[in-house]
Amino acid sequence: MMTTPTGAAGHNFTLRRNSFGRLVFIDAEGVAHEGAIPVRAFPIGAPDEGIALVSADGHELAWIDQWSDISPELRSVIEEELAAREFMPQISRIVGVSSFATPSIWEVETNRGNTSFTLKGEEDIRRLPNSALLIADSHGIQFLIRDTKALDKHGRKILDRFL
């Protein structure tokens, strides 16, 4: 797949996939960077603003301020890559917990289906702006509660015991 944006953040570059499906960033001088990775600057607070394309060794290749700075074709390629890399189920309901002491097993409903996970400790629950929470399970998977006020009374009561 070949996509050429026009002037993304002042840069002209091309993105394509190699035979292994990895992104190849080709800069304005024609230098190819295998294994390019898109990274959101603020994945929760401003997911559509500030996207960096970095090389496999972590050096920034290009900066995209807004999606409107690039072509729809390039946006599609980058969003596809981000979706493959970012897995953050959003909790819509807390069904129950095994114990109010940690570690505890949480039963939840998410936008990816029902699941359970182990919360190792209260420190794995991180408060975010606008009454959002980020919960890390024992395997490092991040679960997002976008708005704690949107949870039912039962779910809010469970959260209050851990916060």
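Brief remarks follow.
- Here the simple spin-label model places points 7 Å from the Cα toward Cβ, and for Gln90 and Val31 these points are separated by 4.0 nm.
- Selection from Gln142, Gly155, Gly121 lying farthest towards where the dipole of the chain points positive, charges on Cβ: Gly155
- Cleavage-rule hits (chymotrypsin sites (Phe, Trp or Tyr not before Pro)) in region 33-108: DSSP loop, at most 12 neighbouring Cβ within 10 angstrom: Phe87, Phe100
- Only Lys, Arg, Asp and Glu carry charge here, each on its Cβ (+1 for the first two, -1 for the last two); on that basis region 91-162 has a dipole of about 220 debye about its Cα centre.
- CD proxy at 222 nm, helix term only [per DSSP H run n ≥ 4: -39500 (n - 2.57); per residue of the chain; nearest 500]: -4500 deg cm²/dmol
- Per-selection Kirkwood Rh - region 2-85 (Cα, Å, 1 d.p.): 12.6
- Trypsin sites (Lys or Arg not before Pro) within region 13-74: DSSP coil, no more than 15 neighbouring Cβ in 10 Å: Arg22
- Rounded tilt (10° steps) of 72-85 against the dominant C-alpha axis of the chain: 40
- Dividing the Cα radius of gyration of the chain by 2.2 N^0.38 Å, with N the residue count, gives 1.28.
- Computed about its Cα centre, the charge dipole of the chain is approximately 760 debye, with only Lys, Arg, Asp and Glu carrying charge at their Cβ.
- Gain upon complete extension [Ala150, Arg127; 0.36 nm per residue less C-alpha separation]: 6.8 nm
- On the basis of the beta-carbon distance and an R0 of 45 Å, Glu73 and Gln142 show a calculated FRET efficiency of 0.90.
- Taking 7 Å steps out from each Cα toward its Cβ at Trp63 and Leu134 produces label points 2.1 nm apart.
Every read-out reported here was derived from the displayed coordinates using simple, explicitly stated rules and does not represent laboratory data. Predicted, not measured: the structure shown is a model, and the values here were computed from it. Here Cβ is always computed from backbone atoms with ideal geometry, including for glycine, and neighbour counts include all displayed protein chains.
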